[in-house]
Structures are given as C-alpha cells and as structure tokens.
Amino acid sequence: MSRQQKYRFALIMAGFTLALLFTYREDVLGYILSPLAYYTARTTLGLLHMFGMEAARTATLIYHPDGFAYEIYYRCTGFLPVAILTASIFAYPGPSRFKFLGLAMGVPVLLALNLFRLVYLFYVGVYIPAAFDFAHSVLGESLLILATLGLWLAWIKWNQSANKVLVSDFT
C-alpha cells in the first residue's frame, strides 16, 4: 500500500470514527434501528425455541418463565460491527467488486455471530445469572470485536492475493 493510500485509509477511518462518536446514540440511531432491534428479537426468540429453550417475547423484551429477561435494543443488533467492517473494507484500496464480495461474505457471518451471542447470553442469564454481566460485557463484545477484525484481515489477505492474480492476467 502506497503512502497516499495509507493516508487515505487513515483519513476515511478517522472520519468514520468521528461520525460514530456523534451518531451512535439512542437519540440519533435508536429510532432508526428500532425495526432491526425488533427483527433481531424475533429471530433470537425463534432460535431459542429451536434449541429447546422456553422463552417469550414482548416487542424487543425476551423473557424466561423463571424471571430472567433482557431487552434487545439498537446496540444489540450487530449494526456496529457491520458498520465497522463495511467502513474498513471500503476505506482499504482494492477493486469495488472485491469489496462487495467481502461484504457479502462478512456481513452474514457477523450477524450470525451476533445472534449466537444473544442466544448464549440468554442461556447464561437463565442458568448462571451471576456470570451474565461478564458474558455480556467481556465475552460477547470480545467475540464480535475479534470477529470483525479477523474478517477484515482475512479480506485484506484475499484482496491482495486476488489483485495479484488479476494483475498477472493482464501482463
């Protein structure tokens, strides 16, 4: 990557980060992402039932008959990891078609991991309630951070090797 490309990447990511600081708040994105939170709650409940867990849902609140409950709101939808992956891929140099292919593979993986996180958090909340905060704040968020970084780094490696093949085809 050339020096100019590095500066471009750094500038785009700095702008994206600044935009996140001002917009990733309940009063800005909460309403816009509420349909996604509702869909995420419905999907999570379906997965819980598929795995044999007794649960019910009211709007975005999922609860167990024994009393455990959690609410899925805009920060629980997987939007942030998807936004970070998207910005990282689009900021990095490479052909647009490679970027769209990377997102077509990476976004579903992140959303599936997020749903897995929500399901396992419900199990933890029901069976080991004392571990819920740690599982939510440390394990769950670390999983998504590492997955986002790993997918981006894997895309970079694939993008670079695919570009080499593409360039060698024309020389």
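The values are calculated or read from the model by the stated rules, or taken from the named source; none is laboratory data. From a predicted model like this one, the values you see are computed outputs, not experimental measurements. Positions of Cβ are generated from backbone atoms using ideal geometry, with glycine treated the same way; all protein chains shown enter the neighbour counts.
Here are the numbers for this structure:
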quantity: Filter result (aromatic (Phe, Trp, Tyr) and either touching a Pro at 6+ places or on another chain (Cβ under 9 Å) or closer than 12 Å to Arg75 by Cα (or both)) within segment 2-30; calculated: Phe9, Tyr24
quantity: Filter result (surrounded by fewer than 19 Cβ atoms within 10 Å (Cβ to Cβ) and of a type in the set (Gly, Ala, Ser)) within segment 112-134; calculated: Ala112, Ala130, Ala131
quantity: In segment 42-55, the residues that are in a loop (DSSP other than H, G, I, E, B), surrounded by fewer than 18 Cβ atoms within 10 Å (Cβ to Cβ) and of a type in the set (A, V, I, L, M, F, W, C); calculated: Phe51, Met53
quantity: Top-ranked residue of segment 83-108 - restricted to ones that are within 10 Å of the chain's Cα centre (by Cα) and either outside any helix (DSSP H, G or I) or of a type outside the set (Val, Ile, Thr) (or both), ranked as farthest from Trp152 (Cα to Cα); calculated: Pro108
quantity: Pairs where the first residue, in segment 53-79, is free of Cβ contacts under 8 Å to residues at least 40 places away in the same chain and of a type in the set (Val, Ile, Thr) and the second is assigned to a loop (DSSP other than H, G, I, E, B) and surrounded by fewer than 19 Cβ atoms within 10 Å (Cβ to Cβ), C-beta under 7 Å, 6+ apart; calculated: Thr60/Tyr73
quantity: Of the criteria (1) surrounded by 13 or more Cβ atoms within 10 Å (Cβ to Cβ); (2) of a type outside the set (A, V, I, L, M, F, W, C); (3) closer than 21 Å to Leu113 by Cα, which one Pro35 fails; calculated: (1)
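For (1) surrounded by fewer than 16 Cβ atoms within 10 Å (Cβ to Cβ); (2) assigned to a loop (DSSP other than H, G, I, E, B); (3) among the β-branched types (Val, Ile, Thr); (4) at pLDDT below 95, each residue gets a yes or a no:
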| site | (1), (2), (3), (4) |
| --- | --- |
| Phe22 | yes, no, no, yes |
| Asp27 | yes, no, no, yes |
| Thr40 | no, no, yes, no |
| Arg57 | no, no, no, no |
| Gly67 | yes, yes, no, yes |
| Pro81 | no, no, no, no |
| Leu110 | no, no, no, no |
